[in-house]
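First the structure, in the form of C-alpha cells, and then the observations on it.
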Amino acid sequence: MNIAIFASGEGTNAENIVQFLRNSDNVLPVLIYTNNKDAGVLKRMEKFNIETLYLDWKEIQNNPEILESILDKLKVEGIVLAGFLKLIPEWMINKYPKRIINIHPALLPSESYGGKGMYGMAVHQKIFDNKESKTGITIHLIDQEYDKGQVLFTQSIDVSSCQSPREIANLVHELEYEYFPQVISNYFLNLE
C-alpha cells in the first residue's frame, strides 16, 4: 500500500515514519507533501529516496485536481498527517475514507486540548497551565472537524513532575516516535 505523508514543519515524525517503513514490503511512503516551502521536512527527506512536493495550500483549495492527480499518479491509497496544520478538505476525505490518519499531542476526545488552534506547544502550554497530571497522544482517523475522528490508539504519560511545557513536549514526542509508525503500519496492513 502506497501512502503519502503530509507535514507542515520540521518533520521529525515524518522522518521517523519513513525510517520505520522503508524496509516494509506492505506499507510504503511514496510522497512527502508540505504546504510550507520552508518546512524542515524537505531537508530531512533528502537522505531518502522519496518524492517531496511543496504546493501552497490556497492553490490546492482553488485547484484540488493538482494534488489529486499527483496522488493518483503515485497510486496513493492512504495519507498520514504528521504535524500537518490544515483542515483536510471534504473531497480528500471522500477519496480516502477511513484512510487518513492523524496524531494529536494530547488525549482526545478532550474538548480542552483538541480542536482548531490546539497543536504543538499551545497544547503543552495549556496542559502545563492547567496543572494536569497526565497527557499523552491520540492517533485517530480524520473527518471534517479538527480532532474529532475515530480514535485508533491512545497512550498516556505522567507529567506531574514536569517543570515546563517543553518538558511535557519532550515526553509526548517520545510517545509519538515510539507508537505512531507502528500504529500506521498495523492499521494499513489490516485494512480490507
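A few comments on the model shown:
- At most 16 other Cβ within 10 Å, DSSP loop - trypsin sites (Lys or Arg not before Pro), the range 130-176: Lys131, Lys148
- Note on Lys131: aspartates and glutamates with a C-alpha under 18 Å away, same-chain residues under 8 apart excluded, are Glu111, Asp158, Glu167.
- Correct choice for percent of Cα pairs over 29 Å apart that was computed from the model, options (1) 19; (2) 27; (3) 16: (1)
- Put simply, the amide H of Asn35, placed in the peptide plane, has neighbours under 5 Å in Ala7, leaving out anything fewer than 5 places away on its chain.
- Only Cα pairs under 8 Å and 6+ residues apart enter the sum, and on that basis the relative contact order of the range 104-192 stands at 28 percent.
- When the helices of the chain are scored as -39500 (n - 2.57) per DSSP H run of n ≥ 4 and the total is divided over every residue, the value at 222 nm lands at -11000 deg cm²/dmol.
- Extension gain for the segment Glu111 to Asn2, taken as residue separation times 0.36 nm less the Cα-Cα distance, is 35.9 nm to one decimal.
- Using Cβ point charges alone (K and R +1, D and E -1), the dipole size of the chain about the Cα centre works out to roughly 120 debye.
- Dipole of the range 104-192, positive end: most advanced residue of Asn186, Gln125, Ile142 [Cβ charges, Cα centre]: Gln125
- Entries of Lys75/Lys95; Lys47/Lys98; Lys116/Lys148; Lys75/Lys148 with Cα pairs more than 21 Å apart: Lys47/Lys98; Lys75/Lys148
- Descending by average beta-carbon neighbour count within 10 Å, the peptides 118-124, 50-56 line up as 118-124, 50-56, the highest first.
- Under the shape rule built on the C-alpha gyration tensor, where the axes satisfy a ≥ b ≥ c, the range 104-192 is oblate, since a/c reaches at least 1.5 while a/b does not exceed b/c.
- Simple rule: put +1 on each Lys or Arg Cβ and -1 on each Asp or Glu Cβ in the range 1-97, find the dipole, and look at Leu31, Trp91, Ser69; the Cα lying farthest toward the positive end is Leu31.
- As a rough guide to protection, the peptides 138-144, 42-48 ranked by mean Cβ packing within 10 Å, highest first, stand as 138-144, 42-48.
- Label-zone membership for the range 7-33, site Glu46, 7 angstrom Cα→C-beta point, backbone N under 12 Å: none
Taken together, the values in this text are just the output of simple stated rules run on the coordinates, not laboratory data. Quick caveat: nothing in here was measured; it's all calculated off a predicted structure. When we count neighbours, we look across all protein chains shown, and the Cβ atoms used for this are built from the backbone with ideal geometry, even at glycine.
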